[in-house]
Amino acid sequence: MDQENEFSLDDIHAAMFAQLVMMFTSATLQHLGKLVNPALNKTEVNLEAAQASIDMLDMLAAKTRGNLKPDEDRMLKESLTQLKLNYVETQQAAGVPPPAASAPPASPAPAPAAGDIKTPPADEEKQPRFHKKY
């Protein structure tokens, strides 16, 4: 086998990492209406889907912190910065107000007793609790 055409496992992983970051970046830009969705041949804005993709990249950055090569780390950080700026720009253009800043609670609430557990109203259950607003 010709040694010149072989790639190391590290090279393959680096290429796969870059491909993963670019996949989420492209998907986010499609959700922000910045790229044409090839399946629909048109642009659409879906802020929730864009936010989910950005959250995935944020998670990837957190989980790989300290384990990336400098160029991989820079690519991930620059992608996140670009996407977050585009998200805010699209959100403002759509006329969606940014979420109101809420003050953190002064102290943690005491744990409810077994009989005191209440279910939230139906409209509260529909609110996503895992996304952050940029």
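The values are calculated or read from the model by the stated rules, or taken from the named source; none is laboratory data. Small disclaimer: the values here were computed from a predicted structure and weren't measured. Neighbour counts run over all protein chains shown; Cβ positions are idealised from the backbone, glycine included.
Pull out all pairs, ordered by first then second residue, where Cβ-Cβ is under 7 Å, the residues are six or more apart or on different chains, the first lies in region 12-30 and is more than 16 Å from Glu78 (Cβ to Cβ), and the second is polar (S, T, N, Q).
Ala27/Ser53; Gln30/Asn37
For region 30-134, which fully contained helices (runs of 4 or more DSSP H) count at least 3 residues that are on the phi < 0 side of the Ramachandran plot and modelled with pLDDT of 85 or more?
Values: elements: 47-64, 70-93, 122-125.
Passing ranges, in order: 47-64, 70-93.
Spot the failing condition for Arg65; the list is (1) loosely packed, with under 12 Cβ neighbours inside 10 Å; (2) touching a residue at least 40 places away in the same chain (Cβ under 8 Å); (3) not hydrophobic (A, V, I, L, M, F, W, C), and only one is missed.
(2)
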